[in-house]
Structure formats: C-alpha cells, structure tokens
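Shown next, in structure tokens, is the structure this report addresses.
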Amino acid sequence: MSEDSHKDLGQVRREYRMDQLKEARLPADPMQLFQSWLEEARKTANPDPTAMALSTLNKKGFPSTRIVLLKKVTQDQLVFFTNYGSRKALEIGHSSKVAAHFHWPELERQVKIAGMAGRLEEEESDLYFRSRPRESQIAAWASPQSEEVANREYLEKEYQKYLHKFETIQEIPRPDFWGGFAISPLSMEFWQGGEFRLHDRIEYSLQDKLWQRIRLAP
C-alpha cells in the first residue's frame with residue numbers, strides 16, 4: 001500500500017483560493033446565479049457537471065439520496081427524468097419535499113437546494129424522451145427500476161427483448177411509467193471555498209414570492 005493510504009483522514013485537506021462571493025456582484029434571483037455557475041462548470045474538466053445528489057423522504061421520514069442528472073433549467077425549476085416506479089419517484093409521491101446538491105470541485109463551489117417536486121406534463125416528457133439515444137430509450141422499457149431482480153442476465157434479456165420488439169419501429173414511444181419531475185426551489189445556498197476556511201455561504205430563501213438573501217458563517 002502507498003504511504004498516502006496510511007495517512008490519517010483527519011490530515012486530508014486542501015486550500016481554497018479561487019474566488020469570493022461579494023454581495024455587490026450577486027443577482028437578486030438565485031436562479032440566474034445558478035445558471036451562471038452551471039455554465040462555468042460545463043466548461044471545466046468535470047465529466048458530470050449536471051450531476052446532482054437528490055434526497056427524498058420515505059414513509060418513515062428517513063432520507064434517501066442518489067445521483068441524478070439535471071436535464072433542464074427554467075426560470076424557476078430544475079428538471080430531471082426517471083422511472084415513475086423508482087424509489088425516488090414513489091417517495092416524491094409520498095412527500096414532495098426534496099433536497100438537491102451540486103458539487104463542482106474544479107471551481108471550489110457547491111449549491112444546496114431545498115424545494116418541492118412534482119411531475120412534468122406528459123408532453124414535456126414525450127419531447128425529452130424523443131431526444132434520448134435509442135439505446136437509452138430501450139433501457140427505459142427494459143429496467144423495472146428499484147425492483148429486485150434475480151441477476152444481471154435478467155436485465156440483459158429484457159433489453160434484448162425490447163430491442164427486438166422495437167427493431168422495425170422508427171420512433172420508440174415513451175413508456176407511461178417513465179417521465180420527468182420538476183423541482184421548484186424554496187431555498188438555495190451558494191458555497192464558494194475560501195482561504196483559511198473562511199468560505200462564502202450565501203443563502204436565498206423564497207418569502208411571499210420574493211427572494212431574500214443572507215450571508216451565513218462558514
């Protein structure tokens with residue numbers, strides 16, 4: 001094993017010096033700042049700049065977190081897609097309260113979001129499904145997401161089954177059990193790494209349909 005593998009985790013650290021969050025440069029609408037940061041993240045070497053950790057609540061009130069890919073940003077919503085039978089979709093059906101988190105280490109930035117999630121209109125899900133690669137469309141049909149399966153061979157056989165089923169069909173239809181969700185943020189916190197651990201934390205919260213902004217201590 002290397003010398004680094006024996007290093008105490010408490011001694012693993014880095015310095016943050018890339019940028020600062022100054023109130024005079026911040027927009028009134030946090031979605032403008034989010035879209036700006038996202039575009040900057042897309043220009044870095046990060047292979048998954050749209051990856052977000054999505055947290056939902058189960059019926060017992062325990063959180064469950066997984067990585068999903070952000071597929072669209074509107075003026076007031078963040079959109080992702082999934083199987084409606086998946087754990088996250090069923091939990092959103094139980095409680096629409098969700099949290100999302102973005103981490104862009106190349107920019108020394110994080111964004112933490114809390115809000116409400118709900119299904120997209122079917123037309124919007126249809127539109128996005130048609131834009132997906134054919135292989136991904138077939139996989140959506142083949143995978144009973146979050147359900148127990150006997151082995152990987154089962155999934156591969158299901159994929160082959162639907163590959164054969166749709167081989168003469170030019171446009172594969174969207175399964176009625178698959179579609180999009182939109183998160184409407186109620187709070188958004190922007191974190192910029194700072195020197196000497198004096199990180200910048202700016203939190204926006206939606207109050208009476210207007211965004212309020214405060215600074216939090218690191």
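Observations, loosely collected:
- Residues of region 164-207 classified as basic (Lys, Arg) and at pLDDT below 95, total: 1
- Residues being more than 28 Å from Ile92 (Cα to Cα) and either within 22 Å of the chain's Cα centre (by Cα) or without any contact (Cβ under 8 Å) to a residue 12 or more places away in the chain (or both) - total across region 202-218: 0
- When restricted to residues that are surrounded by fewer than 12 Cβ atoms within 10 Å (Cβ to Cβ) and within 20 Å of Ser86 (Cβ to Cβ), region 152-176 contains 3.
- For region 126-145, the tally of residues that are farther than 22 Å from Gln35 by Cα, surrounded by 14 or more Cβ atoms within 10 Å (Cβ to Cβ) and not hydrophobic (A, V, I, L, M, F, W, C) stands at 6.
- Flag if Leu210 is surrounded by fewer than 18 Cβ atoms within 10 Å (Cβ to Cβ), touching a Leu at 6+ places or on another chain (Cβ under 7 Å) and modelled with pLDDT of 95 or more: no
- Contact map, region 1-21: first residue within 27 Å of Ile202 (Cα to Cα), second residue among the β-branched types (Val, Ile, Thr) and modelled with pLDDT of 85 or more, Cβ cut-off under 7 Å, separation 6 or more or different chains; pairs are Leu21/Ile202.
Residue-wise test of (1) among the aliphatic types (A, V, I, L, M); (2) under 14 Å from His103 (Cβ atoms); (3) in contact (Cβ under 8 Å) with a residue 24 or more places away in the chain.
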position: Leu26; (1), (2), (3): yes, no, yes
position: Asp29; (1), (2), (3): no, no, yes
position: Ser36; (1), (2), (3): no, no, no
position: Arg42; (1), (2), (3): no, no, no
position: Thr50; (1), (2), (3): no, yes, no
position: Ser55; (1), (2), (3): no, yes, yes
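- Candidates Ala114, Ala140: the one that is under 29 Å from Glu40 (Cβ atoms) and at pLDDT 95 or above is Ala114.
The values are calculated or read from the model by the stated rules, or taken from the named source; none is laboratory data. Just so it is clear, the model here is predicted, and its values are computed rather than measured. Cβ atoms come from the backbone with ideal geometry, glycine included; neighbour counts cover every protein chain shown.
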